[in-house]
Amino acid sequence: MSANQTNLLDSIDARTKLAGSNKMEILLFSLGTKEIFGINVFKVREVSQTPKITKTPNMPLGVEGVLSLRGNIIPVIALSKFIATQDYPAVDTTSTMIVTEFSKHTQAFLVHDVDRIIRVDWDKVRAPETMLAGSQALITAITELPDGKLVSILDVEQILATVIGEPVIPDLAAVAVDQDTFMFFVDDSMVARKEIVGVLDKIGIKYYQANNGLEAWEKLQGLANRATQDGEALHQKLRLILVDAEMPEMDGYVLTKHIKSDHRFEGIPVVMHSSLSSNANRAMGASVGVDAYVAKFDPLILADTLSPLLVG
């Protein structure tokens, strides 16, 4: 691997300044085909050559084995096993590894090569078309490079859920709320939306939902306009807004800034629900005014965070 790749992450400075700027940084990589893939830099701990992998029996699909990284044993996942098509590359797709940390898990993704880090505006990051999303559900968004090439941003949360299994929703205490009250949530990850719906159904709160930040803001504007027309305070019915951090078209930080700057949403708490749970990410959420920050994917903690705010 080149010195440029070795020092790739060292080129990132003051990432927390991206909060509220509607920008993200993406690490570009390949799996040996012409397609370019990307992952949010915030999920990446390091990039390095792949050391020796220890094979273990009965590993889930896509897991090549485990390795020791600074005293910790982490699983090694071959991304090509999830993304492979009929054009599965004959070249080595395991020479480089991207060590990632999100959803309270650390794992290494094996790739063919890494390219560079780019900074893009979230409004240039699009949700995949319905047909594409149906056939390649592991792609959560698409963006375009200046030369016209497309970058497929992977839904790594979905890949991890495929490997370790989706969280089981436990029995949860119902919240004591009026029948006409509801909450709103937005998340671009299919596995996250499934978990959220499972929790909300268990605690007994009605909800509206959206799949990206721009769609969420448009729907929230519609709810606020309707409340104004009816002569009602929106907070009397809309009790809480749950936002993801990373979303196509408008990220959760900008969405939160919009909500907090609109007086019609006064008295409605905003909770950020993200697979990025570091102190830096929590600080980014606090800088735009979120009222609470909860890490994915723990249904019990999510319910414990939401319930007091819904009845408060």
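The values are calculated or read from the model by the stated rules, or taken from the named source; none is laboratory data. Here the structure is a predicted model, which is why all the values come from computation and not from measurement. All Cβ positions, even for glycine, are placed from backbone atoms using ideal geometry, and neighbour counts span all protein chains on display. Side chains included, ligands, DNA and RNA excluded: accessible areas come from the protein's heavy atoms. Shrake-Rupley method; radii C 1.70, N 1.55, O 1.52, S 1.80 Å.
What is the Cα coordinate range of the chain on the first, second and third principal axes, sorted by size from largest, in whole angstrom?
64, 44, 37
Given a Förster distance of 45 angstrom, what is the FRET efficiency for E166 paired with K34, based on the Cβ-Cβ distance and rounded to 0.05?
Calculated transfer efficiency: 0.90.
Taking 7 Å along the Cα-to-C-beta vector as the label spot, tell me the V311-T54 distance in nanometres, rounded to one decimal.
Rounded to a tenth, the inter-label distance reads 4.7 nm.
Listed here are the pairs K81/K104; K52/K124; K23/K219; which of them are more than 30 Å apart at the Cα?
Beyond 30 Å between Cα atoms: K52/K124.
With all protein chains present, how much of the accessible area of region 124-283 (probe radius 1.4 Å) comes from carbon and sulfur, to the nearest whole percent?
51 percent
Please compute one quarter of the surface area of the Cα convex hull for region 101-217 and express it in square nanometres.
Projected over every direction and averaged, the Cα hull of region 101-217 covers 9.9 nm².
So if each residue of separation counts as 0.36 nm, and I subtract the Cα-Cα distance between Q179 and E266, what length gain in nm does that give?
Fully extending the segment from Q179 to E266 adds 29.2 nm.
In whole angstrom, how far apart do the alpha carbon centroids of region 240-312 and region 24-73 sit?
That distance is 29 Å.
Could you state the accessible area per residue of the chain in Å², with a 1.4 Å probe and every protein chain left in place?
Spelled out: the 1.4 Å probe surface of the chain, per residue, equals 46 Å².
With +1 on the Cβ of every Lys and Arg and -1 on the Cβ of every Asp and Glu, and nothing else charged, how large is the dipole of region 155-312 about its Cα centre, in debye rounded to the nearest 20?
Dipole magnitude for region 155-312 comes out near 300 debye.
Compute the projected area of the convex hull of the Cα atoms of region 253-306, averaged over all viewing directions, and report it in nm² to one decimal place.
3.7 nm²
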